[in-house]
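Input: a single structure, listed below in structure tokens.
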Amino acid sequence: MAESNKPEDFVKHEYEAGFVTDIESDTFEPGLNEDVIKRLSQIKGEPEWMLEWRLEAYRQFQEMTEPNWQKVNFDPVDLQSISYYSAPKKDTDKPQSLDEVDPELLRTYEKLGIPLHEQKALAGVAGAGTPAEAEASSEGGGAYSNVAVDAVFDSVSVVTTFKEKLAEAGVIFCSISEALQEHPELVKKYLGSVVPRGDNYFASLNSAVFSDGSFVYVPKGVKCPMELSTYFRINAENTGQFERTLIIADEGASVSYLEGCTAPQRDENQLHAAVVELVALDDAEIKYSTVQNWYPGDENGNGGIFNFVTKRGMARGRNSKISWTQVETGSAVTWKYPSCVLKGDNSVGEFYSVALTNNYQQADTGTKMIHLGKNTRSTIIAKGISAGHSDQSYRGLVKFQPTAEGARNFTQCDSLLIGDKCGAHTFPYIENKNSSATVEHEATTSKVSDEQMLFCRQRGIDPEQAVSMIVNGFCKEVFKELPMEFAVEAGKLLEVSLEGSVG
Amino acid sequence: MLTIKNLHASVEGTPILKGINLEIKPGEVHAVMGPNGSGKSTLAQVLVGHEAFEVTEGEILFDGQNLLELEVEERALAGLFLAFQYPVEIPGVSNLQFLRTALNTLRKHHGQDELDAPSFMKLAKEKAKQVDLSPDFLKRGVNEGFSGGEKKRNEIMQMLMMEPRLGILDETDSGLDIDALKTIANGVNTLRADDRSFLVVTHYQRLLNHIVPDVVHVLANGQIIKTGDKQLAMELEEHGYGWLGINEAEAAG
Amino acid sequence: MTLAHKTPLTPLDDAFTPEGGKQLPAPLKSLRDIRSKAITGMALPNRRTENWKYSSRYLKLDPELAPQTQATGDADYRSVEGVYRLVIRNGLVDLESSALPTGDGIDIRRFADLDDVTAQSVARKLDTTLDHGTTQLAALNTARLEDGVLIRLSADTSVDQPVYIQYVTDAGASGSNYPRVMVEAGQGSKMTLVEEYISNGDQPVLVDSVSELLLDDSANITYIRLCMDPANVRHIGATGVKVGANARFDSHCIGFGGDLRRHDLQVRLEGQGGYARLNGIALTQDRQHYDNHTAIDHVVPNCDSDENYRCLAADRSHAIFNGRIHIHPDAQQSHADMNNKNLLLSTNAEIDTKPELEIYADDVTCAHGATVGQLDEGSLFYLTSRGIDRDTAATMLSMAFVHELVGQVPLEDIREAVNTRLTDFIEASFRRAAE
Ligand SMILES: Nc1ncnc2c1ncn2[C@@H]1O[C@H](COP(=O)(O)OP(=O)(O)OP(=O)(O)O)[C@@H](O)[C@H]1O
Ligand SMILES: [Mg+2]
């Protein structure tokens, strides 16, 4: 028999998206100052107010200091050594069709399995799920035949698919740079309305230097006819990615949006500081899913992405709903707390999260549910898996303001530890200022038990597969919230992240 | 098929099995009885390769192959199946997913194609019906929230799917109502074949009315102290272990 | 976080670090001096200080609170039967009012009366049970030490009656006092220790108390802490405990709110087979405050802990619970269970809770649960449908909420006294709410 058959021996991370794409790009010299912001704004041909907005954010940013309350350790980020703009070189005009896009770039996305060719996209990836499962949940049935994709490469959006089809429904889905040209009034109205310029250190930085990102507007009463999706990829060296996403669902509208992220394998840390703002008006619903697989660094903790993002949704209207689902396996250091401000009466906030850390990854993540409106409801299901020498914290805030009559929250945080060198922590803050509001919080910690391993192996399942199966089972409640084909992707991602050789 | 020679095993330094000898031929059903704590489950677990037990002496041959050299999963693929006395729960992993993975691994091992989804579903539903489990159970997590009896039925259902060469049943009958006992016995009996054997651990002669054994062993204090035919089980039922001169307290110690 | 530089820091007023401690034996005096120096001008916790996040606004250390309190009236010593009594009045040991055990095996002594060797050993052990990062104001206690009490149990001593410490504060004039107790429980010893805080007078006073308990292997200590001071007493208390192998620590901390109430209970399980049970009840009304901070450190493998805290907040009051379980690396086979339930009895009350887990070992079972809610309408309806008026029904249900924990207090006398206080308190708060 092998020396050891402990679950941790079957956990080894191989990063599959770590290749570098060799394409020509325009990249700013590293450094941050007002001139850089002005140049950036100028390249993008932004309106004057936008530049002013950025400069004001930069002024506020300079007043701030880097936060240090998270339970993570890393060397401070040197913001002057980062380049704030890098774009694949191309004709000054945006490509009108895929044919005009650099083939190298297309290949990159192909390698990542992201369909940018609409033909291919139309063919869909339906049926990628395990058929038995599909059969079992026969009500499911992969109805997704298409997904509209916006691909962001380093600092710019390179292509958005299915624009016409979306336009027919009245849905605006484009890069935020384009939205600034085409729909400045919408951007002006909502940008910063959820995450103000001075919100926090990295959000202010983002407000000053954001280079691109996605913009979605779903008009009154429209149910967006397809999944919207953005893939972010950091390719260039020494660049930071500062994307900004703004999604607005007008009255009675609904939309499901998914983002995915990867980056090449590099020895230095790279910064990703995004801001995502969601606005849901009366009876509107926004579902935002993330499959985050930024490069996590190598086995010894060298390199990897610093993922410091601010994501917040404002359930502004009555009966509106904002739902965050995230599967996080990447990044060297993560801190992010996708939040919901439940302002409208009867509004609903949800947070479903799976975070897996391995090797020397550190993650401090969770959510905030701020209950303002009457009868607002929120649900938090957070599943953390720690392996290797990694350290993971759930940090959450559930807050009921005096106005939140009859509001409710349910929180469930479960940690699974694989191996005895990792850490799993839970820091939930619960603040209740309304006697008719109710909150329930539960947390547990467990490990993959020897008995479970024996049981699976006695049925002929190899240990690696057994661990991955048990971990997937642990995450089930979250995966079922993802659009089906992405659930499959997420499951595979966990599998890959846990892959290794037998001890 | 299975030959156990002078098997000694201990847990954390405490000897539990103290020289077991046993030979099971193809097609035979062997019953193992014995007082609580005598080592029956230990024997079953050692056979499938539980790592908490250390084999200190002796050998186990399965179809001429040295079983002790194989990993747990390799033994399973070689055709050993244990219906556990206390089946574990695996939250979130559906029975279907679990079974399908297990079955297809086995099929691959035998050079067969993986079963496609519809045929797999058909098979699973059929087997579930055989042990009176509603197909709803297939979607639930492995043993998650199952009652004692449902867990046992689930074990047999898995055995029916995997069609092992040697089925080991560790007290599959305890906790079952009379009807369930028959259902399970029927399940086992449908699998009986010339090249398939069973090792049935039980406390009650009752089960052996339905699964008729060829050989009955009495295990006490880590050793087989008596071997006979099905008659032996009946006599035990009537007279208790005292009849064999076993002091129960001592045997358990 | 980012606003840190905008929150001005308030330094501790110099009035809080006067000369003193002349009665203390040399080693303790020098410890006092070191602390005193260290905290001079120290920044007081503010809302950016994590462990004072919800409570710093109640922490007002005005210079008028600085002087040591003087006797201003007759203390109301509630008589308790069947106990050894130790009175600490305004932080000073009052032997005359005490009734101490005389038998072998237990030794109760004022710090001022310690011989050199013992004083040295006490000085070495003092301040070792608390995490200084989170109990900043326990240092003020050491810095203001005038006297203290050492309770020592020799091995295998079983104290036949509870040792009952009454802390009396005279609040006829404003001021502060700094009681200090150190318990050393030898191997296999056993004792029930009760600490009751009471006061007379209505001026603002500050009590900054620290108790430290060292449980040697197989020792068994039951600790009951009753914070019964009226609202004008601001109380910052810390209890630090080290639990040895196979030792057992049971605590029952029951308290009523005030202008400032803070209790830090920190338990370190340092020997295998150790066990800790932490029960707590806090009630607040009017504009009162109560903040319970607990920390259980599983330092070694094979220890268990169970924690159960309940808070009720009425009127415009504010109750806080922060419980931390820390499983250290290699502390395998730890079992820790924490439960915190809270009832908001009025629309204007606030309850904040933060049950934390910090886990560095995998073969452990840890769980925590927390709820904040209100009385169950269904149960209220059921009771009123049987003809019970709503206030009475609400009182019954609120009492039921804490009943289980009160029931676990091992001394009948105390159980009854607590029950009466609780009922009065809850009844009054529903009456006020109805008015
Ligand atoms: N992991 C273990 N650690 C310590 N002792 C063990 C362990 N497993 C089994 N034992 C001991 O070994 C002896 C045999 O146990 P076993 O489970 O094989 O008995 P059994 O014959 O199956 O009993 P029962 O009829 O009650 O199921 C018992 O005394 C048991 O306590
Ligand atoms: Mg058994």
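Taking segment A:341-379, which residues are within 15 Å of A:Ala315 (Cβ to Cβ) and β-branched (Val, Ile, Thr)? Across segment A:341-379, the qualifying residues are A:Val341, A:Val348, A:Thr367, A:Ile370, A:Thr376, A:Thr379. Taken over segment C:102-139, the criterion of being under 22 Å from C:Val163 (Cα atoms), part of a loop (DSSP other than H, G, I, E, B) and open to solvent by less than 20 Å² (accessible area, probe 1.4 Å) is satisfied by C:Leu114, C:Leu126, C:Thr129. When every residue of segment A:395-408 is checked against the conditions, none turns out to be surrounded by fewer than 22 Cβ atoms within 10 Å (Cβ to Cβ), among the aliphatic types (A, V, I, L, M) and more than 10 Å from chain C (Cβ to nearest Cβ). Does C:Ala331 count as buried (at least 23 other Cβ atoms within 10 Å of the Cβ), among the hydrophobic types (A, V, I, L, M, F, W, C) and out of contact with any Pro (no Cβ under 7 Å at 6 or more places or on another chain)? No, not satisfied. Using the structure shown, decide if B:Lys18 is of a type in the set (Lys, Arg) and near ligand 1 (Cβ under 10 Å from one of its atoms). Taking the combined requirement at face value, the residue does not satisfy it. Just a yes or no: is a residue in segment B:81-90 away from ligand 2 (no atom under 16 Å from the Cβ), closer than 19 Å to B:Val11 by Cβ, touching a residue at least 12 places away in the same chain (Cβ under 8 Å) and not in a loop (DSSP other than H, G, I, E, B)? No. Scanning segment C:356-368 finds no residues that are under 25 Å from the mean Cα position of the chain (by Cα), within 14 Å of chain A (Cβ to nearest Cβ) and aromatic (Phe, Trp, Tyr). Of the residues that make up segment B:138-147, is at least one surrounded by 16 or more Cβ atoms within 10 Å (Cβ to Cβ) and more than 13 Å from every other protein chain (Cβ to nearest Cβ)? Checking segment B:138-147: at least one residue is surrounded by 16 or more Cβ atoms within 10 Å (Cβ to Cβ) and more than 13 Å from every other protein chain (Cβ to nearest Cβ). If you check C:Asn232 against the conditions, is it of a type in the set (S, T, N, Q) and in contact (Cβ under 8 Å) with a residue 40 or more places away in the chain? Considered against the rule, which asks whether it is of a type in the set (S, T, N, Q) and in contact (Cβ under 8 Å) with a residue 40 or more places away in the chain, C:Asn232 comes out as yes. Screening B:Pro135, B:Pro213, B:Pro164 for residues that are open to solvent by less than 30 Å² (accessible area, probe 1.4 Å) and within 14 Å of chain A (Cβ to nearest Cβ) leaves exactly one candidate, B:Pro164. Within segment A:438-473, the only residue that satisfies the criterion of being part of a loop (DSSP other than H, G, I, E, B) and more than 9 Å from chain B (Cβ to nearest Cβ) is A:Val448. If you go through segment C:295-328 and keep only what is open to solvent by 10 Å² or more (accessible area, probe 1.4 Å) and not in a strand (DSSP E or B), you end up with C:Val299, C:Val300, C:Pro301, C:Asn302, C:Asp315, C:Arg316, C:His328. The numbered conditions (1) within 16 Å of ligand 2 (Cβ to nearest atom); (2) in contact (Cβ under 8 Å) with a residue 60 or more places away in the chain; (3) not in a strand (DSSP E or B) are all true for B:Gly27 except (1).
Looking only at residues in segment B:30-61 that are within 14 Å of another protein chain (Cβ to nearest Cβ) and in contact with a Lys or Arg (Cβ under 9 Å, 6 or more places away or on another chain), the one that is farthest from ligand 2 (Cβ to nearest atom) is B:Ile60. Please go through segment B:21-34 and pick out each residue that is under 21 Å from A:Gln458 (Cβ atoms) and within 12 Å of ligand 1 (Cβ to nearest atom). Residue satisfying the conditions is B:Val32 alone. Restricting attention to segment A:409-437, the residues that are within 7 Å of chain C (Cβ to nearest Cβ) and closer than 11 Å to C:Ala370 by Cα total 3. Among the residues in segment B:92-100, are any more than 16 Å from ligand 1 (Cβ to nearest atom), free of Cβ contacts under 8 Å to residues at least 40 places away in the same chain and either part of a helix (DSSP H, G or I) or open to solvent by less than 30 Å² (accessible area, probe 1.4 Å) (or both)? Checking segment B:92-100: at least one residue is more than 16 Å from ligand 1 (Cβ to nearest atom), free of Cβ contacts under 8 Å to residues at least 40 places away in the same chain and either part of a helix (DSSP H, G or I) or open to solvent by less than 30 Å² (accessible area, probe 1.4 Å) (or both). Considering the conditions (1) open to solvent by less than 40 Å² (accessible area, probe 1.4 Å); (2) modelled with pLDDT under 95; (3) within 16 Å of ligand 1 (Cβ to nearest atom), B:Gly37 is excluded by exactly one of them, (1).
The listed residues are B:Leu199, B:Leu176, and the only one of them that is free of Cβ contacts under 8 Å to residues at least 60 places away in the same chain, within 16 Å of ligand 1 (Cβ to nearest atom) and of a type in the set (A, V, I, L, M, F, W, C) turns out to be B:Leu176. B:Thr56 meets each of the listed conditions (1) more than 16 Å from ligand 1 (Cβ to nearest atom); (2) touching a residue at least 24 places away in the same chain (Cβ under 8 Å); (3) more than 17 Å from the chain's Cα centre (by Cα); (4) surrounded by fewer than 22 Cβ atoms within 10 Å (Cβ to Cβ) apart from (1). Scanning segment C:27-48 for residues that are farther than 28 Å from C:Pro8 by Cα and either among the hydrophobic types (A, V, I, L, M, F, W, C) or open to solvent by less than 30 Å² (accessible area, probe 1.4 Å) (or both) yields a total of 4. Output the number of the condition that C:Ile388 fails; it satisfies all remaining conditions of (1) over 22 Å from A:Thr438 (Cα atoms); (2) part of a loop (DSSP other than H, G, I, E, B); (3) within 14 Å of chain A (Cβ to nearest Cβ). In the conditions (1) over 22 Å from A:Thr438 (Cα atoms); (2) part of a loop (DSSP other than H, G, I, E, B); (3) within 14 Å of chain A (Cβ to nearest Cβ), C:Ile388 misses (3) alone.
Is segment B:116-128 home to any residue that is at pLDDT 90 or above, within 9 Å of chain A (Cβ to nearest Cβ) and under 20 Å from A:Gln465 (Cβ atoms)? Within segment B:116-128, one or more residues are at pLDDT 90 or above, within 9 Å of chain A (Cβ to nearest Cβ) and under 20 Å from A:Gln465 (Cβ atoms). The residue that is nearest to ligand 2 (Cβ to nearest atom), counting only those in segment B:105-121 that are under 19 Å from B:Gly141 (Cα atoms) and of a type outside the set (Phe, Trp, Tyr), is B:Met121.
Matching residues to (1) closer than 23 Å to C:Arg32 by Cα; (2) without any contact (Cβ under 8 Å) to a residue 60 or more places away in the chain:
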| position | (1), (2) |
| --- | --- |
| C:Gly175 | yes, no |
| C:Glu195 | no, yes |
| C:Ser209 | yes, no |
| C:Asp216 | no, no |
| C:Thr222 | no, no |
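Looking only at segment B:199-223, residues that are within 16 Å of ligand 2 (Cβ to nearest atom) and among the aliphatic types (A, V, I, L, M) come to 7 in all. Counting the residues of segment B:167-198 that are within 14 Å of chain A (Cβ to nearest Cβ) and within 16 Å of ligand 2 (Cβ to nearest atom) gives 3. For segment B:68-102, the set of residues classified as more than 7 Å from chain A (Cβ to nearest Cβ) and acidic (Asp, Glu) consists of B:Glu69, B:Glu74, B:Glu89, listed by residue number. Within segment A:49-91, restricting attention to residues that are touching a Ser or Thr at 6+ places or on another chain (Cβ under 9 Å), more than 14 Å from A:Ser204 (Cα to Cα) and open to solvent by 50 Å² or more (accessible area, probe 1.4 Å), the residue that is farthest from the other protein chains (Cβ to nearest Cβ) is A:Lys89.
The values are calculated or read from the model by the stated rules, or taken from the named source; none is laboratory data. Not measured: the values here are computed from a predicted model. Positions of Cβ are generated from backbone atoms using ideal geometry, with glycine treated the same way; all protein chains shown enter the neighbour counts. Please note that ligands, DNA and RNA were not included when accessible areas were found on the heavy atoms of the full protein model with its side chains. Shrake-Rupley method; radii C 1.70, N 1.55, O 1.52, S 1.80 Å.
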